[in-house]
Every structure is written in C-alpha cells, then in structure tokens.
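What follows is a single structure, and I will ask about it in a moment.
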Amino acid sequence: MSPRIVALGGGHGLYATLSAARRLTPHVTAVVTVADDGGSSGRLRKELDVVPPGDLRMALAALASDSPHGR
C-alpha cells in the first residue's frame, strides 16, 4: 500500500511539494490557503469579491497528470 500525503500551504512552496509528492504516491491531498492579497489576486479579491485563484490553480497544475489533458 502506498503512503498517503496531505500538504497544507500555498504559493510556489506548495507547488514544489505537491509535484514531488505526486511522484511518490497517487494518494496526495492538498489543502490550499487562499489568503493571498498581493498583486492581481488582491485586485480580484477587492473588485470582484472572489477567492484569489492563483494558488489553487498552481496546486491543481502540480497534481495534474503529465498527459496532454493534464497540462
């Protein structure tokens, strides 16, 4: 049985962790913080009242398969 990994965080650090963990096991769970308020994320949060998508998008990209559909 392969290990199960849970990673918490956001940004580039979480992306790197998830990318590495995905190579160890298919059982990877990410808890992504969405407290980013800098740059364009801050503008989206302020003007549209939405959760900033940047960190979530990066986490999904890290967990996506290397197939054409995954990328």
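The values are calculated or read from the model by the stated rules, or taken from the named source; none is laboratory data. On a predicted model such as this, the values are computed, not experimentally measured, just so you know. Cβ sites come from the backbone with ideal geometry, for glycine too, and all protein chains shown count toward neighbours.
For the stretch 24-68, what are the residues that are part of a helix (DSSP H, G or I), out of contact with any helix residue (DSSP H, G or I) (no Cβ under 8 Å at 6 or more places or on another chain) and acidic (D, E)? So that I can check it myself, show each step before the final result.
Kept after step one, since they are part of a helix (DSSP H, G or I), are these residues of the stretch 24-68: 24, 39-48, 54-63.
Narrowing further to those that are out of contact with any helix residue (DSSP H, G or I) (no Cβ under 8 Å at 6 or more places or on another chain): 24, 39, 42-48, 56-57, 60.
Within the stretch 24-68, E47 is the sole residue that qualifies.
Condition check ((1) farther than 23 Å from M1 by Cβ; (2) modelled with pLDDT of 80 or more; (3) surrounded by 14 or more Cβ atoms within 10 Å (Cβ to Cβ)) across all residues:
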site	(1), (2), (3)
V28	no, yes, yes
A35	yes, no, no
R43	yes, yes, no
D49	yes, yes, no
R57	yes, yes, no
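Related question: Take the residues of the stretch 1-26 that are of a type in the set (K, R) and in contact with a strand residue (DSSP E or B) (Cβ under 9 Å, 6 or more places away or on another chain): which is surrounded by the most Cβ atoms within 10 Å (Cβ to Cβ)? If you could, list the steps in order and put the result at the bottom.
If we filter the stretch 1-26 for residues that are of a type in the set (K, R), which is where we start, we get 4, 22-23.
Pick out the ones that are also in contact with a strand residue (DSSP E or B) (Cβ under 9 Å, 6 or more places away or on another chain) and you get 4, 22.
Values: R4: 10, R22: 17.
That would be R22.
Something else now. Check A7 against each of (1) more than 9 Å from the chain's Cα centre (by Cα); (2) modelled with pLDDT under 95 and name the one condition it does not meet.
(2)
A further question on this structure: Read through the list (1) closer than 23 Å to P3 by Cβ; (2) surrounded by 12 or more Cβ atoms within 10 Å (Cβ to Cβ), then give the number of the only condition that P53 fails.
Only one criterion is unmet by P53, namely (1).
Taking only the stretch 10-52 into account, find how many residues are among the hydroxyl-bearing types (S, T, Y) and within 13 Å of the chain's Cα centre (by Cα).
Narrowing the stretch 10-52 to residues among the hydroxyl-bearing types (S, T, Y): 15, 17, 19, 25, 29, 33, 40-41.
So of that shortlist, the ones also within 13 Å of the chain's Cα centre (by Cα) come out as 15, 17, 19, 29, 33.
The qualifying residues number 5.
Shifting gears a bit: Where the second residue is surrounded by 15 or more Cβ atoms within 10 Å (Cβ to Cβ) and among the β-branched types (V, I, T) and the first is over 14 Å from V31 (Cα atoms) and free of Cβ contacts under 8 Å to residues at least 40 places away in the same chain and lies in the stretch 43-71, which pairs have Cβ atoms under 7 Å and are six or more apart or on separate chains?
What qualifies is V51/V34; P52/V34.
All but one of (1) at negative phi; (2) without any contact (Cβ under 8 Å) to a residue 40 or more places away in the chain hold for G39, so report the exception by its number.
Looking at each condition in turn, G39 falls short on (1).
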